[in-house]
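A short worksheet on the structure shown next.
Every number here is computed from the coordinates shown, using simple stated rules; none is lab data. Fair warning: this is a prediction, and the values are worked out from it, not measured in the lab. Every residue, glycine as well, gets a Cβ built from its backbone with ideal geometry; the counts of neighbours run over all protein chains shown.
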Amino acid sequence: MFLRLHERYRDLALSTYSDANPLADREKVEILEESARPVETVRQYLHDNNNYFPELDEAATELYNELTKDRRTLEVAIHQRLEQKHELRIRILPTTAMPSSYRYFDRHRSGIDISELLHPTGRQFQLAFQLIFIEYRELIDGLVADAGMTDESAIGLARVSLANYFAAALLMPYDRFLKACEDTRYDVDLLSHRFGTSFEQTAHRLTTLQKPDARGIPFFFIRIDAAGNVSKRFSAGRFHFSKFGGACPRWNIHRTFEQPGETLTQLVQMPDDTTYVSISKAIARSRGYHGRPSARVAIGLGCDKAYADSLVYFDRMSLSLHEPTPIGVNCYLCDRQNCASRAHAPLNRKLKFDAHARGVSLYEFEPVKAK
């Protein structure tokens, strides 16, 4: 509720200015531009469903059992299904032939082209996506239709998002994956090795384990780039994400770019005193080459501190003796005073300036009034 009030205040404060000149303030272009609305519509749709779609999980498990009943590996079975049942030729093409795409379904030539830049886990995911889009389009379209969306861009994005969900559920079937999570104590790297998936695919799948009678830990998930732009976010618990802006600079997810490949841990506390444990890791989403380095993103995954004992990452951290790092949603929505990392003034506070003193932050403001 508090976060929604902040966002409503933001909308009212910016509406007059943005209508007059929607591109003048480039820091707020993500909020103001028309193309951001379908993204927020689909994010809200996923949030409203708690990022759990039982119809897709059930269908994925049935398909997995069918594909692997003769003990073929899932990777081989997907490949053969596309080639034999659907008569599709699968080719791995050089980047010169696919300079701007990772997968292309060529209907006219009955083929699926995959870029050589994709890691094997990425290739497998894209083939699973294509198989699902061919065989289960009606199921996916039915779910999208039930959502009542009217914007064509939102409908298209929702369709792709649900197909991605289905692909992850096929590669990591619900019951098998949840048992493996509990057996490995949610070791994301080990789970990735076991299921042949990437760190990002595995971490994101963890947020979907919301079956009422077989729940996993309610994780939150975030993906950011080196500039701090948030490209994916979801919370299955109480963790707060804003609809706009980046993440708090005090969160060590930003430090992962200095230590690529390493998994960083942290205990963090929000302004409402809720405390969370989180892990973060910088990864390369695809391969690179001379003149075009691989694009790196940082993945953040966390949950309420109460679940820390179930996670392998915090065995060596004495949480009772460890002071949490105070963080906020982002600078625009954070009321913390005297933060040396603050980049922007909060939207709902009156600024004050004292020429005779310089605090750790340029932005000094009136404190929250006690009730």
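For segment 167-246, what log10 I(q)/I(0) values come out of the Debye formula at q = 0.19, 0.21, 0.27 1/Å, with one point per alpha carbon and no solvent?
-0.84, -0.97, -1.32
Please give, to one decimal in nm, the separation of the simple spin-label points placed at Arg358 and Asp141, each 7 Å out from Cα toward the Cβ.
6.4 nm
Where nothing but the Cβ of Lys and Arg (+1) and of Asp and Glu (-1) is charged, how large is the charge dipole of segment 56-206 around its Cα centre, in debye to the nearest 20?
For this selection, approximately 540 debye.
Taking the Cβ of each residue in Tyr186, Tyr102 as the centre, tally the other Cβ atoms inside 10 Å and list the residues starting with the fewest. Each step should come with its number before you reach the end.
Working: Tyr186 24, Tyr102 17.
Placing the least packed residue first, the sequence is Tyr102, Tyr186.
Just from the alpha-carbon atoms, what are the Rg and Dmax of segment 131-220 in angstroms?
14.5, 43
Among Ala163, Ala97, Ala345, which one moves the most in a GNM of the chain with springs linking Cα atoms closer than 10 Å?
Most flexible of the set in this elastic network: Ala97.
Tally the DSSP beta bridges in the chain and give the antiparallel ones as a percent, rounded to 5.
For the chain, the DSSP antiparallel bridge percentage is about 85.
Could you give the C-alpha radius of gyration of segment 56-206 expressed as a fraction of 2.2 N^0.38 Å, taking N as the number of residues it contains?
Working: Rg = 15.9 Å, N = 151, 2.2 N^0.38 = 14.8 Å.
Working it through for segment 56-206, the quotient is 1.07.
For His322 and Arg89 in one chain, what is 0.36 nm times their gap in residues minus the Cα-Cα distance, to one decimal in nm? Working shown, then result.
Details: separation 233, 0.36 × 233 = 83.88 nm, distance 5.54 nm.
Once the chain is fully extended between His322 and Arg89, it gains 78.3 nm.
Counting other beta carbons within 10 Å of each Cβ, put Tyr136, Tyr174 in order, fewest first.
Fewest to most other Cβ atoms nearby, the residues stand as Tyr136, Tyr174.
Of the listed pairs Lys211/Lys305; Lys232/Lys350; Lys305/Lys350, which have alpha-carbon separations greater than 27 Å here? Mind dumping the intermediate values first?
Working: Lys211/Lys305 21 Å; Lys232/Lys350 31 Å; Lys305/Lys350 34 Å.
Beyond 27 Å: Lys232/Lys350; Lys305/Lys350.
What FRET efficiency comes out for the pair Asp189/Thr150, r = Cβ-Cβ distance, R0 = 41 Å, nearest 0.05? If you can, show how the numbers build up before the last one.
Values: r = 42 Å, r/R0 = 1.02.
It comes to 0.45.
From Cα pairs below 8 angstrom and at least 6 apart in sequence, can you work out the relative contact order of the chain, rounded to a whole percent?
13 percent.
If you line up the long axis of helix 137-147 against the longest principal axis of the chain, both from Cα atoms, how many degrees apart are they, to the nearest 10?
The answer is roughly 30 degrees.
With unit charges on the beta carbon (Lys/Arg positive, Asp/Glu negative), name the residue among Val42, Ile299, Leu82 whose Cα is farthest towards the positive pole of the charge dipole of the chain.
Ile299
Considering the dipole of the chain built from charges on the beta carbon (Lys and Arg +1, Asp and Glu -1) around the Cα centre, which of Ala147, Gln130, Ser192 is farthest to its positive end?
Ser192
Quick one: order Phe219, Phe133, Phe199 by neighbouring beta-carbon count within 10 Å, fewest to most.
Arranged by neighbour count, lowest to highest, Phe219, Phe133, Phe199 become Phe133, Phe199, Phe219.
Among Ala340, Met270, Leu209, flag the residue with its Cα farthest along the positive direction of the charge dipole of the chain, charges on Cβ as +1 for Lys/Arg and -1 for Asp/Glu.
Ala340
Can you give the Kirkwood hydrodynamic radius of the chain from its Cα pairs, in Å with one decimal? Provide the component values of the computation, followed by the final result.
Numbers: mean 1/r = 0.0441 Å⁻¹.
That comes to 22.7 Å for the chain.
What does the helix-only formula give at 222 nm for the chain: each DSSP H stretch with n ≥ 4 adding -39500 (n - 2.57), the total divided by the residues, and the result rounded to the nearest 500 deg cm²/dmol?
Calculated at 222 nm, the ellipticity per residue is -11000 deg cm²/dmol.
Quick one: length gained pulling Asn338 to Lys350 fully straight, 0.36 nm per residue minus the C-alpha distance?
Details: separation 12, 0.36 × 12 = 4.32 nm, distance 1.48 nm.
Working it through step by step, the gained length comes to 2.8 nm.
Can you compute the charge dipole magnitude of the chain about its Cα centre, using +1 on each Lys and Arg Cβ and -1 on each Asp and Glu Cβ, nothing else charged? Give it in debye, rounded to the nearest 20.
Numbers: 49 positive and 48 negative charges, 160 e Å.
Result for the chain is approximately 760 debye, rounded to the nearest 20.
Give the angle, between 0 and 90 degrees and rounded to the nearest 10, that separates the Cα long axis of helix 36-48 from the longest principal axis of the Cα atoms of the chain.
Once rounded, the angle reads 80 degrees.
State to the nearest 20 debye the size of the charge dipole of segment 115-269 about its Cα centre, where the only charges are +1 on K and R beta carbons and -1 on D and E beta carbons. Working shown, then result.
On the way: 17 positive and 17 negative charges, 90 e Å.
Around 440 debye, computed over segment 115-269.
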